[in-house]
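The values are calculated or read from the model by the stated rules, or taken from the named source; none is laboratory data. Since this is a predicted model, take the numbers as computed values, not measurements. Backbone-built Cβ (ideal geometry, glycine too); neighbour counts: all protein chains shown.
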Amino acid sequence: MTDRRAPLLTPARVLGATGVLAVTAALTLAPRSIAWPARSLALDVLDRLPPVWTEVLFGWGVDVAVNIGFFIPLGAAVALLLPLRWAPASVVLGAAVSATIEIAQTVIPGRVPDPSDVVANTAGALIGTVVVVGGRLLARR
């Protein structure tokens, strides 16, 4: 059984979450010439998932799959920082970060903001959150 009093805001967790947020921001706000190689790498990673998962992800389109994939780590990292009962707030934070990024893309040449990206990004944050919450609940048993 895990100690429920263990600190959640350890330096390693805060540093990890900050790093994930920085990478997410860089990948979604960088010019296409920089972001495109990262997109290709993300597609390669997503393509290695079990076939059932890739059929679902790629069935919605490549851009949706990439947007979901980019935000899974963010949802997971934030959920790890929060007490279990507040972990679902990481989905709300993921949506807020995504909306902020889409607004910022309106002034970045070569970037095209799309409200549907907010939905896909939020879905990614939700997946990351569910994985963390599920793991934490299993660890309690």
Fill in the blank from the handout: Subset of segment 82-92, residues buried (at least 19 other Cβ atoms within 10 Å of the Cβ), assigned to a helix (DSSP H, G or I) and not hydroxyl-bearing (S, T, Y), comes to V91
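To keep it simple, each residue is scored yes or no on (1) of a type outside the set (S, T, N, Q); (2) within 15 Å of the chain's Cα centre (by Cα); (3) within 26 Å of R140 (Cα to Cα).
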{"residue": "A30", "(1), (2), (3)": "yes, no, no"}
{"residue": "D44", "(1), (2), (3)": "yes, no, no"}
{"residue": "D47", "(1), (2), (3)": "yes, no, no"}
{"residue": "E55", "(1), (2), (3)": "yes, no, no"}
{"residue": "G61", "(1), (2), (3)": "yes, no, no"}
{"residue": "L84", "(1), (2), (3)": "yes, no, yes"}
{"residue": "V97", "(1), (2), (3)": "yes, yes, no"}
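Tally the residues that are assigned to a helix (DSSP H, G or I), free of Cβ contacts under 8 Å to residues at least 12 places away in the same chain and not β-branched (V, I, T), restricting the search to segment 55-79.
As a first pass, look at segment 55-79 and keep what is assigned to a helix (DSSP H, G or I): 55-59, 62-79.
Adding the requirement that they be free of Cβ contacts under 8 Å to residues at least 12 places away in the same chain leaves 55-56, 59.
When the remaining residues are screened for being not β-branched (V, I, T), the result is 55, 59.
Count: 2.
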Exercise for the section: Working only within segment 96-117, note down all residues that are part of a helix (DSSP H, G or I), surrounded by fewer than 19 Cβ atoms within 10 Å (Cβ to Cβ) and in contact (Cβ under 8 Å) with a residue 24 or more places away in the chain. Expected result: A104, Q105, S116
Fill in the blank from the handout: Output for Cβ contacts, cut-off 7 Å, separation at least six or different chains, first residue at pLDDT 75 or above in segment 39-54, second part of a loop (DSSP other than H, G, I, E, B) and loosely packed, with under 11 Cβ neighbours inside 10 Å, reads none
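Quick check on my filter: what residues within segment 12-39 are hydroxyl-bearing (S, T, Y) and surrounded by fewer than 11 Cβ atoms within 10 Å (Cβ to Cβ)?
Residue satisfying the conditions is S33 alone.
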Problem - Residue under evaluation A139, criteria (1) over 19 Å from A22 (Cα atoms); (2) part of a loop (DSSP other than H, G, I, E, B); (3) touching a residue at least 60 places away in the same chain (Cβ under 8 Å), criterion not met - result: (2)
Practice task
Can you confirm whether segment 3-16 contains a residue that is at pLDDT 80 or above and hydrophobic (A, V, I, L, M, F, W, C)?
Solution key: yes
